[in-house]
Structure formats: C-alpha cells, structure tokens
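Working notes, beginning with the structure itself.
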Amino acid sequence: MWLSRSVRVSLLPSIAKVPPFLPIHNSFFCSHSHSQTSLHDEAVSQFNRLLHQRHVPPIFEFGKILGFLVRMKRYPTAISLIKQMELKGILCDLANLSLLMNCFCHLDKLALAFSVFGKILKRGYHPNAITLTTLIRGFCDKGEVKEALILHDKVVALGFLLDQFSYGTLINGLSKIGETEAAIKLLRIQGRSTVMYNIIIYSLLKEKQSKEAYDLYSEMVINGISPDLVTYTTLFYGFCLVGQVKVAFGFLNEMLSNSIRPDVYTYNILIDALCKERKLGEAKNVLCVMVKTYVKPDIVSFNTLIDGYYLVNKVMNARQVFSAITHMGVSPDVRTYNIMINGLIKNERVDEAINLFQEMHNRNIVPDTVTYSILIDGLCKTGRISRAWDLFHEMRGRNQQADIVTYNSLIDGLCKNHCLDKAIELLRKMRENGVQHDMYTVNILIHGMCIEGRLKNAQEIFQDLLNKGHSPNLYTYNIMINGLCREGLLDEALALWSKMEDNGCLSNVITFEIIISALFENGQTEKAEKFFHEMISRDLLK
DNA sequence: GTAGGGTTAG
C-alpha cells in the first residue's frame, strides 16, 4: 500500500461515495463542446467576413483568428488565410509573418520559413525574439541543434535581442538530443527559469538519471525558483519510471501540500503508475476523482486504464472502458485500438483483435506501424506466418513504414517456424530499406540458429558482436548458454557463464534453470545442486 | 493576437 496517507486524504476524497465508474452519465462529460471541425470552420468564415468588410479591420483582428488556428494546429489553414490576406492587399505585420514562419516550421518546411524571414527583413521589419525563437525551434525540432546554435551566434552578433524563450528553446533542443550537460551550462549562463529546469529535469529522468534530476531540483529550490505543476508532475513521472515509487509519491504529496492542483497529466501518470502496480481498483477510482474534481479525463486516461486491465487479464473490464469512451464525449484514437488489439492478442483472442483492426477502417482511424507490428507479432506467435506476410505487404501499400520492431517480429516468426533462410533474407531486405538491426535482432537470429542446430553460425554472430565492441545482454548470454547446453557442450556453457558474470551481467532465474537442468541431464547432480543453492542465495526464486 | 516544459501502445 504505497498510496501514502496524505495522498489518500487530499487526492482521493471519499472514494466510498464515488458512484460506480460505468456508466457515468454526468453532465460534465456531456458538456456540449463544439467539435474541432466546426470550430475550425467557424474561424475560417469569421476570417472571411473580416476580409470582405468595406473598411479593413485592425490587423490584430486577423491575428486573433490566426493564433487560434495555430493553437488548434491547423497550420495549412492558417497559411492559406495569410496568403488570402496578402492577395487582398492587406499587409501582414511582424506578428502575422512570425506566425506564418511558425506554421511552416511545424509542417517541417524550414526553407519556406526562412523565405518568410527574408520577406520580414526586406520589408524593413525588425525581427523580435519571437521571430528568432521560431527559427531556432525550427532547427531544434529537426534535431539540427548545431544549426540552431550557429543561428543564435549570428543573430546575437548582429545585435538582435533574444529572450528567455529563445534560450528555453535551445535548452530544450540540447536536452532532447541528450546534450544535457550543455543544456545545464546554458541554463547557468543565461538565467534560470522554472521551465528551463523542468526541461532538463525531464530529460535526465527519461535517461533514468534520477540522482542528477534530484540534484537539479534541489538546485532550483536553493536558487529560489519555484517548482510548479509541471516540475512536480515530471518528478512524479520520472521517479515512477525508475521504480522509486516512494520518492515519486513524496513529490506528489509535496505538490499537494503546496496547494498545486493536479491536472490531467498528473492524474494520467498516477493512473499509469497504479496500473503498472496492478492496482486497478485504485486506478479506476482516480478516474472517478478526476470527474469529481472537474478534471476531464482525456483519451490518454482511458487508454492507460484499458492497458492496465489487459495487464491483469481483465478483458471484460477493458472492453467496458473501451465502449464507454464515446459516451464520455471522448474519441478513441489509433492508440486506443493498438492497446485493445495488443491486449486481446496477449489474452489469446487473435480473431477478435483482427475484427477490431477491421473496425478501424469503418471508424476512419488509420492503422499505423505499431498497429501492424502488434498484429504481425500476434499472427507469427500463433503460427499464422502467411497472414503475417500479407499484413507486412499491406502496410507498405498503405504507406506505413515497417520499423525495427516490425522486422524483428517477422524475423522471429520465421525463425521459430523453421524458415531460417527466409529470416536471413528478410534481414538483408531490412538493411536495404535503411533499418538498422538492434540487440533484439541479434538475439532472435542467434536463437534461431541454435534451435535449428546451427550452433557454429550462432557462435559466429556472437563473436562478431564482441569483435564490433558491442556487449551482449542477459538474453544473448542465456540463448548462447542454452545453445551450448543443447549440444552437450557443458564446459563451454559454464565458461561462458563465468565470462558473463565477470562482465557484470548478472544471471536471472532463466540462466540458472538452463544450467541446472543441463547438469542434471548429464548426471552432474552435485554441481547442479551447487548452482541451485547459488540461485537460492541470490534470492532469484521469488 | 505571436513563442518554450510534463501523460498512454508494439
């Protein structure tokens, strides 16, 4: 029970009185929010009214609508409206043009953004920090942080002024490519803000560097920068991620005692944490608390809960939540279907999963790489290789790129269904398509070689791995040790086991199972018992 | 009116 007392008190009030979750007919859920489409259409027609007025309205009236469209991420619309403005002879101001640049950046058209920047200069407008930050972000979003830094140096040399947002954007770019040290340096030179700290703390936690994240959090407090909702939510998320659940809840409590109210992100992370701990009852109650406290659950809340139910094999509950989503005024998305399909497959209901896959088409939800990967994996694992191949070809026809996970599933399926040569052929194709193999691929292939009795080939791949300076992981070792045992090469297997432990790769229960049963089969009872006791003393039999 | 941070799936 790690929901601490204070969390219970302030976050989960009167759980007992919360009505059953399904179905909830709460006016809160049914509040008539306009659909995205109708709001978009309304904005466009208002814009057109402005455009056709006898006297040109003040320019910021246009800007208001454009800004709204950008917030709705309707970039192509905003671009076309600005074009119409200019065609009508209404001159855009710096804000409009900065917004236009922003749209191009979001559509991954950096060159066009720069041409707008050229227009800004030509018209004699003085680019402000917003204009420049937009370009910096354009580079950063593409991962071209170096270019962003060069641009920064140039504009500073030219005397343009940047602000906290510009540096926040650079810090974000650096953090996202793993350059957290550089990000911290920039933070210390260019002033500190809550957001800057939040960005770096998040990156550190994503990389599981929880100590560094904690230190940075302490530093921010010492410097008098107040942690906010995002700081606490990030810390809560990150410490759950590294399994330090107590610390995580400590942050959640601290947030609540600072009178910062959780929002939908915080709640969703809480639901996920409870689900991962298999506490589905509590997770469901959190959803009820959200409703009670007027934080509207979104599609992530439902997706998370559905995934949680599948994790504990509660197919019925998962289905109930799935069918309740629409009643709550929320639309299922591609992830909802992916989670459902995955859950059904893991619960041995492949046919139902395929039905849902077909339902996606009716609902106009486009299956993505993950959808196909899940299905291909499920079909392979149930021996339906040819159906998996069909899907593999279908996804290409629908412009969904197979990625490393897709390939790995199919290669694994081929290996396990005695089509090793086809698997190797697919590996070649994968490389041709520019997809690099990973540790899973290597393990799948080594395993495939071993079960086909091609131990020599397996050893070659293993040696190749070592030669290239990669380190095998626990699974690689287990597969190799198992392969050696199968061929009766017990001494070699034990030698590899020692090597593995020397390399700091600790055995798990599977490793011991492989070795112990091989020793027993070979009549080496005494040695087998020694390993058995070693396993017990390492507390691996939990 | 324009800009930076946090959540779910294989």
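The values are calculated or read from the model by the stated rules, or taken from the named source; none is laboratory data. Computed from a predicted structure; not experimentally measured. Backbone-built Cβ (ideal geometry, glycine too); neighbour counts: all protein chains shown. For the accessible areas, the whole protein counts, side chains as well, though only heavy atoms, and no ligand, DNA or RNA atoms are used. Shrake-Rupley method; radii C 1.70, N 1.55, O 1.52, S 1.80 Å.
Data overview
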{"read-out": "Sequence ranges A:465-471, A:384-390, ranked by mean other-Cβ count within 10 angstrom, highest first", "value": "A:384-390, A:465-471"}
{"read-out": "Contact order normalised by residue count of chain A, Cα under 8 Å, 6+ apart, percent", "value": "7"}
{"read-out": "At R0 = 45 Å, FRET efficiency that the Cβ-Cβ distance of A:R486 and A:K246 yields, to 0.05", "value": "0.55"}
{"read-out": "Whole-percent carbon and sulfur share, accessible surface of region A:465-541, 1.4 Å", "value": "51"}
{"read-out": "Solution diffusion estimate, µm²/s, Stokes-Einstein, chain A, Kirkwood Rh from C-alpha pairs, 25 °C, viscosity 0.890 mPa s", "value": "88"}
{"read-out": "Calculated FRET value between A:V366 and A:A111, using beta carbons and R₀ = 35 Å, to 0.05", "value": "0.80"}
{"read-out": "Per-selection metrics, region A:474-529 (Cα): Rg and Dmax in Å", "value": "10.3, 29"}
{"read-out": "Entries of A:K185/A:K208; A:K122/A:K154; A:K176/A:K276; A:K206/A:K284; A:K276/A:K296; A:K73/A:K206 with Cα pairs more than 24 Å apart", "value": "A:K176/A:K276; A:K206/A:K284; A:K73/A:K206"}
{"read-out": "Cα-based reach from A:K211 at 16 Å (exclusive), listing lysines while leaving out same-chain residues under 8 positions away", "value": "A:K246"}
{"read-out": "Where chain A is the region considered: accessible area per residue in Å², 1.4 Å probe", "value": "52"}
{"read-out": "Region A:500-542 and region A:466-484: distance between their alpha carbon centers, rounded to Å", "value": "17"}
{"read-out": "Distance between region A:131-202 and region A:382-399 - C-alpha centres, whole angstrom", "value": "43"}
